[in-house]
Amino acid sequence: HLVVHNGALTLSWLVHDQESGHTMQYATWSDRTWGEATDIYSSDRMFANWADRPSIVQLGDGSWVAHWLEKSGADTYAYDVRLAHSSDGRNWSGSITPHDDGTQTEHGFVSLLPAEDDGVLAVWLDGRDYAKREHGEAEMSLRSARWSPQGVTQEAVLDMRTCDCCPTSAVATSEGVLVAYRDRGADETRDISLVRLQDGKWSEPWPLHEDGWIIQGCPVNGPELAAQGDQVVAAWYTQSPVSMVQVAFSSNAGQSFGTVARIDDGEPAGRVDVVLLENGDAFAIWLESPAEGDAEIRGRVIRSSGQIEASFQVAVTDGSRASGYPRLERIGNTAYAAWTESGETSKIRMATIDDLY
């Protein structure tokens, strides 16, 4: 996971050890130098998944909140979301869950967003329905809750039927928090939907764009949002009518989006990320995975006018799940892309992309 705090990048990741399990760590990039890797939490019960990444965010008072996934039972997908707080980034509190159902089911694909009064809004996919019904009948839901130093409050249901395992995205806009996720219709249409938190109330969901992608299972390919005030850009993957990565802009805080632009190079695998540039344009990355040859992380500038600039290679990578989701952030006129380089020994790589406008 990659995020910007006060003009500095913070990168978090998991380290695996055969004997002790997993350790969540983070480091900060400032003045073109990485700080030391700092441990957040270690356990042999942490749940590691190629698409469901832990994260860390910094609050307005300078403190930190991190999230990870931890096993709650023996079943493969029995795990909880855990949240921990640190005032200095080194000493962490005991963890708590933002959900109160107590079921040994799947909870994950979390988006954390700093909130007012030094709190955090957590949005996640929640599988508690699987504890009551058979897999063919149970449904994943989208839920949220607010964490503060006083505890967890305001747990809410945002959508009772969603795709099972596509990452979510949440951003702050001039009109409140906007969340994007892959929905699931009664006919198995799995397009991207949006929902908004404004004045303490969640809206009803509405479609970002009606792609009409009907698929009998989860593609594990979520949307990404970026926002500055009332300007929002969305990037997402679909296979309707063909495999595509699409981008669209909104000038009204995400209430509606303009013309949808296809930005891939013909053989995309999705795994998108996007940032807004200071001039209102956008820069997006995605995985291009041809049938022959190496997979690539490719990038492209999309002008707010609708003009699409030439794509270019950000990095060569592995098209398998082991390479995970590349991440993207921006500081000034420079974008930073981070990804997992899989192999006998996995590594995290980062590239800088300058002069985007």
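The values are calculated or read from the model by the stated rules, or taken from the named source; none is laboratory data. Just so it is clear, the model here is predicted, and its values are computed rather than measured. Don't worry about glycine lacking a Cβ; one is built from the backbone with ideal geometry, like all the others, and counts go over all protein chains shown. These area figures cover heavy atoms from the full protein model, side chains too; ligands, DNA and RNA do not enter into them. Shrake-Rupley method; radii C 1.70, N 1.55, O 1.52, S 1.80 Å.
Remarks
- Those residues of the stretch 235-277 which are of a type in the set (D, E, K, R) and part of a strand (DSSP E or B), in sequence order: Arg262, Arg271, Asp273
- Complete set of residues in the stretch 329-357 that are buried (at least 20 other Cβ atoms within 10 Å of the Cβ), more than 18 Å from Ser30 (Cβ to Cβ) and of a type outside the set (Val, Ile, Thr): Trp339
- When every residue of the stretch 184-201 is checked against the conditions, at least one turns out to be out of contact with any Phe, Trp or Tyr (no Cβ under 9 Å at 6 or more places or on another chain) and under 22 Å from Asp52 (Cα atoms).
- Taken over the stretch 281-314, residues that are part of a loop (DSSP other than H, G, I, E, B), of a type in the set (Gly, Ala, Ser) and modelled with pLDDT under 95 amount to 6.
- Members of the stretch 177-196 that are part of a strand (DSSP E or B), more than 15 Å from Ser256 (Cβ to Cβ) and open to solvent by less than 20 Å² (accessible area, probe 1.4 Å): Val179, Tyr181, Arg182
- Flag for Ala138 being touching an Asp or Glu at 6+ places or on another chain (Cβ under 9 Å) and either modelled with pLDDT under 95 or part of a strand (DSSP E or B) (or both): yes
- Among the conditions (1) out of contact with any Ser or Thr (no Cβ under 8 Å at 6 or more places or on another chain); (2) of a type outside the set (Gly, Ala, Ser); (3) open to solvent by less than 30 Å² (accessible area, probe 1.4 Å), Val81 misses just one, which is (1).
- Pairs where the first residue, in the stretch 106-132, is surrounded by fewer than 22 Cβ atoms within 10 Å (Cβ to Cβ) and the second is assigned to a helix (DSSP H, G or I) and of a type in the set (Asp, Glu), C-beta under 6 Å, 6+ apart: none
- Any hit, the stretch 23-41, residues being touching a residue at least 12 places away in the same chain (Cβ under 8 Å) and closer than 24 Å to Tyr130 by Cβ: no
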